[in-house]
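Visitor: Attaching a single structure in structure tokens format; questions to follow.
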Amino acid sequence: VGALILDCENALRTQRVINHKELTLASHVIEEGRALLIVVNKADLLSPDQREMFMSTLRKRLDERFLSVGRVPIVEMSALMGQGTERMMDEVLRLSDDWNKRVETGRLNRFMEKLALRCIGSGQDANAAERVKYLTQVKARPPTIAAFVTGSKPMANNFVRFLENQIREVMGFHGVPIRIMFRYKESAKARGGSVREAKLEARNKAMHSLKDFFDNIDSKLATEAAANEVAQGRRKVG
């Protein structure tokens, strides 16, 4: 979790709730796949009217800049007075839990089925949602989801953001960047096969990807174990 501390005293002096350097630092945190927390220090120096204006302006700037993580959490504190520190740590722990969270594959696919039906009913992104046949979370830290999609045409950016926001809202990844890896392939249905074949095809491909992922981990662990045995043997000989 990356915590960016803003100085209210400096903001009052410069008339900027958050400057370019601070926004750049926050962007680096998100680009690295970390959860972001904004800490407003010396909040006790603000009058009620100043605080309301400061927080609303800050919220607007963050929402405009960091759409990819939804609503970036903000906490107010006074380090000198010891106010707000417990709330800050609670928020850090919550973000850490969400950053490490794993969602079951079945839950993700039930969510996707409901989302596709909802899109058909509303007419919003219906075709794009129907193309997503299978979802599975391949890793955490940050949450990374593989989406197996029919057709070779890349998903539109607006649908990608829509899907990210829906996953974040339903699965509880608030303030945490989500990465979706799209896997494109012509479906069995498009080649003349059945819908059932298309789903089996997407599921088999997902399982192969997961097998490769865990085989790679097992290989690394085996290499490390062998290196440790060699090192221990050398120490005994010495």
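Visitor: Given a Förster distance of 30 Å, report the FRET efficiency between Lys185 and Asn100 from their Cβ-Cβ distance, rounded to the nearest 0.05.
Guide: Calculated value: 0.45.
Visitor: Quickly work out the Ile120-to-Leu25 label distance, labels modelled 7 Å from Cα along the C-beta direction, and quote it in nm with one decimal.
Guide: 5.0
Visitor: Can you check what the net charge comes to around Asn41, using other residues whose Cβ is under 11 Å from the Cβ of Asn41 (Lys, Arg +1; Asp, Glu -1)?
Guide: -3
Visitor: Considering amide H positions built from the backbone, and no H for Pro or chain starts, which residues 5 or more places from Gly151, or on another chain, come under 5 Å of its amide H?
Guide: Result for Gly151 returns Lys185, Glu186, Ser187.
Visitor: If you don't mind, there's one more thing I want to ask. Starting from 0.36 nm per residue, how many nanometres of slack lie between Thr57 and Leu80 once their C-alpha separation is accounted for?
Guide: Additional length available on full extension: 5.8 nm.
Visitor: Under the 0.36 nm per residue contour assumption, what length would be gained going from the current alpha-carbon distance of Asp90 and Val170 to full extension?
Guide: Length gained between Asp90 and Val170: 26.7 nm.
Visitor: Which FRET efficiency value, to the nearest 0.05, is calculated for Arg107 and Asn157 with the Förster distance at 35 angstrom and r the Cβ-Cβ distance?
Guide: The calculated FRET efficiency here is 0.85.
Values in this text are rule-based calculations from the coordinates and carry no lab data. Just so you know, these numbers come straight off a predicted model, no measurement behind them. Cβ coordinates were reconstructed from backbone atoms using ideal geometry, including for glycine residues, and neighbour counts include every protein chain displayed.
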